Amino acid sequence: MREERYSVGVEEDSGKHYVSIPVSNGLVDYEEYYEIDQRTFERYRADPDSARDFVMRCRNARWTTG
């Protein structure tokens, strides 16, 4: 969801499901990918708001471990 600054998708080569978030560290901009199972993927696609908590945990984890 561009307005929420995350996306949900399927990796073409492996078929794995993911949530990605944009990251900028001052030098480069890139995407971080977090693998999710198919059931979660389907839930997030059907109800994008349900991904918010997961996305926020991913973002917060970056600051506590980075």
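The values are calculated or read from the model by the stated rules, or taken from the named source; none is laboratory data. Computed from a prediction, not measured in an experiment: that's the story for all the values here. All Cβ positions, even for glycine, are placed from backbone atoms using ideal geometry, and neighbour counts span all protein chains on display.
Computed quantities for the displayed model
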| quantity | calculated |
| --- | --- |
| Residue list for the stretch 36-64, filter: surrounded by 13 or more Cβ atoms within 10 Å (Cβ to Cβ) and under 16 Å from Gly9 (Cβ atoms) | Ile36, Thr40, Phe41, Glu42, Arg43, Tyr44, Arg45, Pro48, Ala51, Phe54, Val55, Cys58 |
| Top-ranked residue of the stretch 16-35 - restricted to ones that are of a type in the set (A, V, I, L, M, F, W, C) and touching a residue at least 24 places away in the same chain (Cβ under 8 Å), ranked as surrounded by the most Cβ atoms within 10 Å (Cβ to Cβ) | Val19 |
| Single residue of the stretch 28-51 satisfying the filter (part of a loop (DSSP other than H, G, I, E, B) and under 20 Å from Ala61 (Cα atoms)) that is modelled with the lowest pLDDT | Val28 |
| Candidates Ser7, Ser20, filtered to the one that is under 11 Å from the mean Cα position of the chain (by Cα) and modelled with pLDDT of 95 or more | Ser20 |
